[in-house]
Amino acid sequence: MNHGELASANKKHTLASWVAQDQWKPLTMTKAEGVYFWNADGEKFIDWSSQLMNVNIGHGNKYVNEAIKAEVDKISFAYPGIGTEARAELGKKLNEITPDHIVKSFFTNGGADAVENAIKMARLVTGRSKIMTRYRSYHGGTFGAMTAGGDPRRLANEPGIPGIVRMQDPYAYQSPIYRGKTQEEGDQVLIDQIEDTILFEGPNNIAAILLEGYSGSSGIMQGSEVYWNSIQGLCNKYGILLIIDEVMSGFGRTGKWFGFQHYPNLKPDIIVMAKGLTSGYVPLGAVSVSDKISTYFDTNPLWGGLTYSAHHLGCATAVANIEVYQNDNLIEHAAKMGQVLKSKLKELAANHPCVGDIRGEGLHFVIELVENQETRKQLSPFNSPPTEPMQRVAKHLIENGLSTFVRWSWIFCNPPLTITESEIQEGIEIIDGALTEADKFVK
Ligand SMILES: Cc1ncc(COP(=O)(O)O)c(C=O)c1O
C-alpha cells in the first residue's frame with residue numbers, strides 16, 4: 001500500500017485519539033531507525049518529538065529488540081503477582097538509578113495508570129483526600145489522571161474525580177503574576193498564593209502535591225529553584241507528600257536521569273515513570289516509592305492492579321532500555337546535545353521576530369511564537385484551533401520532513417537522545433524555514 005492507501009485503510013475501521021475523525025490525517029510509518037522514520041511512500045522524516053516524547057533511545061535499537069525477542073521465547077505471560085527475573089531485575093535497576101530513599105516500584109501499563117496509582121497510594125498512606133496539581137500540566141488520559149492534569153484536554157470529560165485542587169503555574173513569560181518581576185520574584189508570589197490555597201483547603205485534607213518533574217506538553221514552564229525549594233518546604237511543613245511525574249521528563253529527556261534532579265533539595269515521596277522507561281518498545285509504567293511509603297504497604301494492602309500490570313515483556317524491555325542508557329552514556333550525551341540544541345534555538349530566536357520565548361533543558365525545548373515581542377501576544381491563542389500562521393508553520397515542518405507537535409503557539413523540540421550535532425542542524429534548518437513563514441505575521 002502507498003501512503004494514501006495505508007492512511008485510508010487506517011481511517012476505515014479504526015478511531016484515532018484526541019481528534020474528530022474527519023480531521024484525522026494520519027502520517028504513516030513503514031520503517032524507523034535512529035532519529036528517522038519513513039512513510040509508505042518512502043518519504044523520510046526526522047522525528048523531532050520522539051513520537052510522543054517517549055522513544056528516547058531512538059528507533060530500532062538492536063540491543064533492545066534482541067532482548068524482547070529472547071524474553072518472549074521464554075515466557076509469554078505471567079500474572080502480576082508472579083515473581084520473574086525481569087520484574088526483580090527492573091525493581092533493582094530502578095532502585096539504583098533513583099535517589100537512595102526510593103526503594104521499591106509498582107509496575108503499571110503506562111503513565112496514566114501509574115499516576116492513578118500514585119494518587120491512590122498517597123490517599124491510602126496519609127488518610128487525606130485532596131491532591132494539588134497545576135493548571136498547565138498533563139498527567140494522562142484516564143479519568144483520575146485526566147482530572148489531575150489541568151490541561152484543557154480534561155474539559156470535555158469533566159467533572160472527573162473529586163478532590164483535585166489546582167494551582168497557578170510558574171509561567172514567567174505570560175502569567176500576570178510575573179508582570180514587572182523577575183522569575184524568582186514571581187515564583188515567590190506564586191508560592192505565597194499556593195500556601196494560601198493550602199490553608200484555605202485545610203492542610204490536613206491534602207494528601208499530595210503532584211507535579212511534572214519538568215513541565216512537558218502543557219508548555220514547558222518550569223520555575224526556578226525558589227519555586228521548587230519552596231514546594232518541598234510546603235510539603236515538609238504541612239506533612240504533604242510530593243509526587244513527581246517523570247513520565248515525560250524522565251530517562252534523560254532533560255539531560256539528567258529525572259527532571260526533578262535539576263533541583264538538588266527535592267526529595268519526592270513517589271516518582272511516576274513510563275515513556276522513556278521502555279522508550280515505547282513495549283508499554284510499561286512504574287510508581288517508585290520511598291521507604292516510608294513502602295513500609296506502609298508492608299502491612300496494608302495495595303488496592304490496585306490490572307491484568308497486564310507489570311507485564312513481563314515490558315519489564316524485560318525496561319531492563320534492556322536502562323542498560324542502553326547506561327552502556328551508551330545516553331544521559332550525558334543528551335546533556336551535551338542539549339547545549340547544542342539550546343544554542344541553535346537561541347540563534348533562531350535572535351534572527352526571527354516571531355520567536356517570543358525558548359524554554360527547556362537537555363533535549364526538551366519549546367519555542368513560543370508571538371505576533372509581537374513587546375506585547376507577547378501569541379500567534380495562536382490558548383486552547384483554540386490553529387490560526388493561519390501556525391497552520392503554515394505546521395505545514396512547512398511536515399512538508400520539509402520534520403515531524404513534531406505544534407500546539408497553539410508552540411513548536412516542541414524533543415528528539416531522541418541519540419541525536420547527533422548534524423541531525424540537530426538538519427532539524428534547525430527546517431524550523432528556520434517555518435519561522436520565516438511565521439515572521440510574515442509579525443505586527
Ligand atoms: C507528564 C505525563 N504524565 C503522564 C502521561 C500519561 O502517560 P500515558 O500516555 O503513558 O498514559 C503523560 C503522557 O503524555 C505525560 O506527559
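The values are calculated or read from the model by the stated rules, or taken from the named source; none is laboratory data. What you are looking at is a predicted structure, and each value in this text was computed from that prediction instead of being measured. With ideal geometry, Cβ positions are generated from the backbone for all residues, glycine too; neighbour counts draw on all protein chains shown. The area values use the complete protein model at the heavy-atom level, side chains included, leaving out ligands, DNA and RNA. Shrake-Rupley method; radii C 1.70, N 1.55, O 1.52, S 1.80 Å.
Annotations for the structure displayed:
- The chain - share of DSSP beta bridges that are antiparallel (%, nearest 5): 65 percent
- Pairs with C-alpha atoms separated by more than 30 Å, drawn from the list Lys342/Lys443; Lys74/Lys267; Lys62/Lys120, are Lys74/Lys267; Lys62/Lys120.
- Rh (Kirkwood; distinct C-alpha pairs) - the stretch 383-430, Å: 11.7 Å
- R0 of 35 Å, Cβ-Cβ distance Tyr135-Glu399: FRET efficiency to nearest 0.05: 0.55
- Val72 paired with Lys92, simple spin-label distance in nm, labels 7 Å along Cα-to-beta-carbon: 2.6 nm
- Charge dipole (the chain, unit charges on Cβ, about Cα centre) - positive-most of Trp48, Ile244, Met29: Ile244
- When the helices of the chain are scored as -39500 (n - 2.57) per DSSP H run of n ≥ 4 and the total is divided over every residue, the value at 222 nm lands at -12500 deg cm²/dmol.
- Cα centroid separation - the stretch 1-21 against the stretch 69-146, whole Å: 32 Å
- Two-site FRET efficiency, Gln391 against Asp291, from Cβ-Cβ distance with R₀ of 56 Å, rounded to 0.05: 0.65
- Of Ala318, Ala334, Ala86, the residue with the greatest mean-square motion in the GNM of the chain, using alpha carbon springs below 10 Å, is Ala86.
- Sorted from longest to shortest, the spans of the Cα atoms of the stretch 63-327 along the three principal axes equal 61, 38, 37 Å.
- Cα-based radius of gyration of the stretch 328-377 once divided by 2.2 N^0.38 Å, which approximates compact folds: 1.33
- Potential lengthening between Glu195 and Asn236 on full extension [0.36 nm per residue; Cα-Cα distance subtracted]: 13.5 nm
- Segment Asn204-Asn383, extension gain: residue separation times 0.36 nm, minus the distance between their alpha carbons: 61.0 nm
- Temperature 20 °C, viscosity 1.002 mPa s: under these conditions the Stokes-Einstein estimate for the stretch 262-305, based on its Kirkwood radius over C-alpha pairs, is 171 µm² per second.
- Longest to shortest principal axis, alpha-carbon extents of the stretch 275-390, angstrom: 59, 36, 28
- Rel. contact order, % - alpha carbon contacts under 8 angstrom, at least six apart, the chain: 20 percent
- Value of relative contact order over the stretch 81-186, rounded to a whole percent, pairs C-alpha under 8 Å and six or more apart: 18 percent
- When the charge dipole of the stretch 63-327 is built from unit charges on Cβ atoms (+1 for Lys and Arg, -1 for Asp and Glu) and taken about the Cα centre, the candidate among Asn205, Asn229, Gly180 whose Cα reaches farthest toward its positive end is Asn205.
- Relative contact order computed over the stretch 63-327 (Cα-Cα under 8 Å; 6+ residues apart), in percent: 30 percent
- Between Gln183 and Glu374, the simple label model (points 7 Å from Cα in the Cβ direction) yields a spacing of 2.6 nm.
- Fraction in percent of alpha-carbon pairs per bin - 5 Å, the stretch 291-332: 5, 18, 13, 13, 17, 17, 11, 5, 0
- Pair-distance profile P(r), taking every C-alpha pair of the stretch 142-191, with 5 angstrom steps and integer %: 4, 22, 22, 11, 13, 16, 9, 3
- DSSP-loop trypsin sites (Lys or Arg not before Pro) across the stretch 301-378, with at most 10 other Cβ within 10 angstrom: none
- Volume per residue of the C-alpha convex hull in the chain, rounded to whole Å³: 144 Å³
- Each of the peptides 268-276, 408-416 was scored by the mean count of other Cβ atoms within 10 Å over its residues; in descending order, highest first, they stand as 268-276, 408-416.
- In this label model, Lys336 and Lys11 are separated by 4.5 nm, measuring between points 7 Å along each Cα→Cβ vector.
- Solvent-accessible area, 1.4 Å probe, carbon plus sulfur percent, for the stretch 142-206: 53 percent
- Relative to the current alpha-carbon distance between Gln425 and Leu306, full extension at 0.36 nm per residue lengthens the span by 38.5 nm.
- Each Lys and Arg Cβ is given +1 and each Asp and Glu Cβ -1; about its Cα centre, the stretch 392-443 then shows a dipole of about 420 debye.
- DSSP bridge orientation in the stretch 63-327 - percent antiparallel, rounded to nearest 5: 40 percent
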